[in-house]
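The values are calculated or read from the model by the stated rules, or taken from the named source; none is laboratory data. Fair warning: this is a prediction, and the values are worked out from it, not measured in the lab. Here the Cβ is made from the backbone with ideal geometry for all residues, glycine too, and neighbour counts use every protein chain on show. Surface accessibility is based on the protein's heavy atoms, side chains included, excluding ligands, DNA and RNA. Shrake-Rupley method; radii C 1.70, N 1.55, O 1.52, S 1.80 Å.
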Amino acid sequence: MGARSLVVLLFLMLILSFSSAYQGKKKQYKPCKQMVLYFHDVLYNGQNAANATSAIVGAPQWGNLTILADKFHFGNVVVFDDPITLDNNFHSKPVGRAQGMYIYDTKNTFTSWLGFTFVLNSTDFQGTLNFMGADPIMVKTRDITVVSGTGDFFMHRGIATIMTDAFEGEVYFRLRVDIKLYECW
Amino acid sequence: MGARSLVVLLFLMLILSFSSAYQGKKKQYKPCKQMVLYFHDVLYNGQNAANATSAIVGAPQWGNLTILADKFHFGNVVVFDDPITLDNNFHSKPVGRAQGMYIYDTKNTFTSWLGFTFVLNSTDFQGTLNFMGADPIMVKTRDITVVSGTGDFFMHRGIATIMTDAFEGEVYFRLRVDIKLYECW
Amino acid sequence: MGARSLVVLLFLMLILSFSSAYQGKKKQYKPCKQMVLYFHDVLYNGQNAANATSAIVGAPQWGNLTILADKFHFGNVVVFDDPITLDNNFHSKPVGRAQGMYIYDTKNTFTSWLGFTFVLNSTDFQGTLNFMGADPIMVKTRDITVVSGTGDFFMHRGIATIMTDAFEGEVYFRLRVDIKLYECW
């Protein structure tokens with residue numbers, strides 16, 4: 001191996017050195033983890049205390065705590081503890097709970113603001129994932145932020161594409177949550 | 001090129017190799033994206049239902065839902081859907097909506113806690129940015145966290161320097177938001 | 001130094017180049033900053049206005065604003081501005097304030113959802129840290145997310161292990177917060 005070959009090798013390594021550092025800076029645009037989960041919300045309406053998984057706890061002046069308010073529910077604050085399932089069946093064995101709140105925040109369409117946590121406790125996953133973001137309910141799919149997590153999801157970040165999978169009156173809805181994590185630790 | 005020159009070159013590459021890996025770890029302290037936006041909040045007071053963009057939805061025991069409470073509004077929870085504009089003119093064409101909530105959370109000064117989303121829908125930007133943080137209102141400029149985003153702001157992180165740009169009684173305020181993103185994807 | 005030794009050196013550097021780029025991608029699992037802080041919450045009960053640091057501002061239909069609701073306080077929203085201390089003594093000089101809200105969100109056990117900010121203002125630290133996450137109160141230690149920060153904690157991320165350090169009736173509790181930051185800037 002002559003000095004010339006060595007110089008060539010050195011330049012190759014130089015390029016490699018740059019490109020691998022670049023990999024350190026640039027993140028991948030395909031998820032390092034992905035999973036689809038469903039959660040089910042049964043809103044307390046004054047008559048379903050046993051089954052309800054959520055309750056209105058804040059309302060505007062024109063509202064109350066058992067019926068969602070006029071003007072697209074603007075101002076209603078709802079606290080929830082909803083079962084999470086692997087499929088769209090309300091009666092499937094839960095793999096965790098979705099806990100937190102949603103707020104109806106628009107006067108002229110159905111829009112909510114979400115702040116909640118998935119507390120997962122299954123054979124596949126042990127840990128939490130925190131979510132926040134705007135939810136323009138009438139749009140078919142909406143992206144919200146997966147802020148970070150703990151346990152199996154320690155420090156993970158990503159986005160979640162949510163979809164209203166079912167909607168029954170003003171008592172039940174089911175959300176399909178496609179979690180895509182782009183930063184895994 | 002002798003063996004000695006090669007050894008020198010190797011050491012140079014060694015240093016380079018370290019420093020470029022360091023770039024992968026160390027983030028830049030100048031924003032990769034920056035923009036200044038304004039949003040406008042008109043609080044419902046029982047008489048301005050048509051114009052109001054926000055409403056009191058929670059209050060302490062000594063408060064109510066049309067007048068901000070005594071003790072620096074401690075305990076008031078406000079839900080909002082405020083227009084975002086490029087300049088400080090309330091009548092400018094909105095480029096999006098600021099949606100979420102603020103909470104007055106101090107008994108002896110004006111301080112609020114913010115959790116909200118910018119839903120941007122303009123020729124320049126399509127996407128959302130989520131914010132959270134403490135807002136010591138009486139301080140001229142305050143830094144809050146830009147948690148992450150979606151769309152054009154997919155996975156971005158940063159801080160926002162906010163400033164009360166106008167304040168009229170307890171009905172209207174305008175916030176100047178200087179968004180500085182330090183992690184762009 | 002012969003060509004053979006150089007080749008060996010080159011391979012060593014090749015490995016080094018990979019491993020240092022790997023360091024750029026892979027984050028460390030030991031904290032880059034760690035600190036233990038305490039905060040103290042005195043809930044308003046209708047009779048302790050002078051001392052209270054928090055107040056119930058939202059309740060389900062079966063609740064009110066001076067007594068935590070039945071069913072494990074499900075639906076109670078509490079706003080707080082609590083002193084932060086370096087030790088477990090309520091009377092120690094505060095190094096900052098914990099500001100935000102907690103929500104009791106489960107019907108059959110004590111669980112809350114947290115969204116708050118540490119506003120630190122001491123000789124050691126100037127800046128804010130934002131927290132969110134589920135708090136299964138009956139579990140000895142719980143991990144929540146440190147979303148990000150400002151000032152000395154500009155863009156930092158991590159987790160916090162929280163522990164109920166004291167609990168007196170439904171008026172006072174003290175939380176021990178072990179903040180572990182894994183991404184420092």
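Computed values, structure above
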item	result
Label-to-label distance, nm, for residues given as A:Phe167 and A:Asp152 (7 Å Cα→Cβ offset)	3.1
Inter-chain Cβ neighbour average for residues B:49-55, partner chain, 10 Å	4
For C:Ile137, distant residues with modelled amide H under 5 Å away	C:Thr111, C:Ser112
Rg/Rg_globular for the range B:126-171, with Rg_globular taken as 2.2 N^0.38 Å and Rg from C-alpha atoms	1.38
Accessible surface buried once C binds A (1.4 Å probe; total of both sides; Å²)	3400
Sites C:Ile67 and C:Cys32, calculated FRET efficiency, Cβ-Cβ separation with R0 30 Å, nearest 0.05	0.10
Cβ-defined net charge surrounding C:Ile56, 15 Å radius [Lys, Arg +1; Asp, Glu -1]	-4
Mean-position separation - Cα centroids, the range C:134-180 and the range C:82-125, in angstrom	7
Sum of side-chain charges, A:Asn76 neighbourhood, beta-carbon under 15 Å (Lys, Arg +1; Asp, Glu -1)	-4
Magnitude of the charge dipole, the range A:73-124, Cβ model with Lys/Arg +1 and Asp/Glu -1, debye to 20	100
Sulfur and carbon atoms: percent of accessible area, the range B:53-146 [1.4 Å]	55
Coarse-grained scattering of the range C:70-185 at q = 0.17, 0.21 Å⁻¹, given as base-10 log I(q)/I(0) from a Debye sum over alpha-carbon atoms	-0.86, -1.28
Surrounding net charge for B:Met163, when Lys and Arg each add one and Asp and Glu each subtract one, Cβ distance under 10 Å	+2
